[in-house]
Amino acid sequence: MPLLLGVALVWYSLSQISVSKLVQYFKDADYFWIVLGVCCGILSHTSRAYRWLFMAEPLGYKPKFLNSFMAVYSAYLINLTIPRAGEVARASILTNYENVPFDKGFGTIVAERVADTIMLFLIIGIALILKFEFIYDFFINKFNPTSLLLIITGFLILVSIIYLFITRSASKIASKVRNFVKGLIEGALSIFKMKKKWPFIFHTIFIWVMYVFMFYITTLAVPELSNIALSAVLIGFILASFSIAATNGGIGSFPEAIVIAFLLFNMPEDPSRAFGWIMWSTQTLVIIVLGGLSLIYLPIYNRKKARI
């Protein structure tokens, strides 16, 4: 289903801008900024691989950094084909080559995701603070106050019903949800119990700062977006981040999410869509190359290490 949605969005996107015009944007782009953006992306993924070492240490394991790095890029590559399968593959790679039990390895990856989710919500909070008046006016103009109040009230009632069901119901579904939420909370709190929690927190912040830099720096490759505001960058980054979960690796959804975000700030549509495709294409290409090389080199590297 995500792949079919991605194909439909690719068709829609290319129906809004001709292929020849899109190709021209690629030709006219300043590749200095694109390469610099790619470097920021690689730095963030490298930091992610190094950060995981801090989580493995309390479990009694000292994995090799290169295996962690290749596991991260292999996971990203696999996610392009089967969404969310990359996390399972990453844990399996660590089991095969570092003897980390699958359940423990997967648990650390879930804890990582909790930390990343906190960072994403922090970025959303910063965006809301920077553009609170703009966002407030946008919703007031789109919905009349009575409708907006009804929507908010309905949402709060729905959340309250779900909360009461989860906390008080004796059903198996509610029990599983409670255990899942409890596990997420414990995973998040375990970050603060590790010996190297401050290096872990530093790398978590660094990863997301590099993500935002990667996004902003790449906008400079398209001259028409050179005067883009920080708030537009943050909103674009947030919507693009969520779009990756909608389709395989954000195919089709990534460029259109950026168009939606940038149009809110009156940025030109064609350059916004072209930027989305440039950003998605370059980052995906890096994942395909480094992820493919990682899958090939993992058994070779570990066979060599075993002989030493």
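The values are calculated or read from the model by the stated rules, or taken from the named source; none is laboratory data. These numbers were taken from a predicted model, which means no experiment stands behind them. A quick note on method: Cβ atoms are made from the backbone with ideal geometry, for glycine too, and the neighbour counts reach across all protein chains shown.
Residue-by-condition table, conditions (1) under 26 Å from Ala261 (Cα atoms); (2) exposed (fewer than 12 other Cβ atoms within 10 Å of the Cβ); (3) at pLDDT below 70; (4) under 26 Å from the mean Cα position of the chain (by Cα):
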site	(1), (2), (3), (4)
Pro145	yes, yes, yes, no
Ser171	no, yes, no, no
Ser175	no, no, no, no
Ala188	no, no, yes, yes
For this session: Among the residues of segment 53-75, count how many are buried (at least 17 other Cβ atoms within 10 Å of the Cβ) and at pLDDT 90 or above.
Result: 9
Problem set entry | Single residue of Asn99, Asn79 found to be surrounded by fewer than 21 Cβ atoms within 10 Å (Cβ to Cβ) and of a type in the set (S, T, N, Q) | Asn99
For this session: Please work out which one of (1) touching a residue at least 40 places away in the same chain (Cβ under 8 Å); (2) farther than 23 Å from Val233 by Cα; (3) part of a helix (DSSP H, G or I) is the condition Ser92 fails and give its number.
Result: (1)
Exercise. Just one of Tyr136, Tyr97 is at pLDDT 85 or above and over 24 Å from Gly250 (Cβ atoms); which is it?
Worked result: Tyr97
Seminar exercise, completed: The residue that is modelled with the lowest pLDDT, considering only those in segment 217-273 that are surrounded by 19 or more Cβ atoms within 10 Å (Cβ to Cβ) and at positive phi, is Gly249
Problem set entry | Options Leu149, Leu158, Leu120; residue that is aliphatic (A, V, I, L, M) and at pLDDT below 80 | Leu149
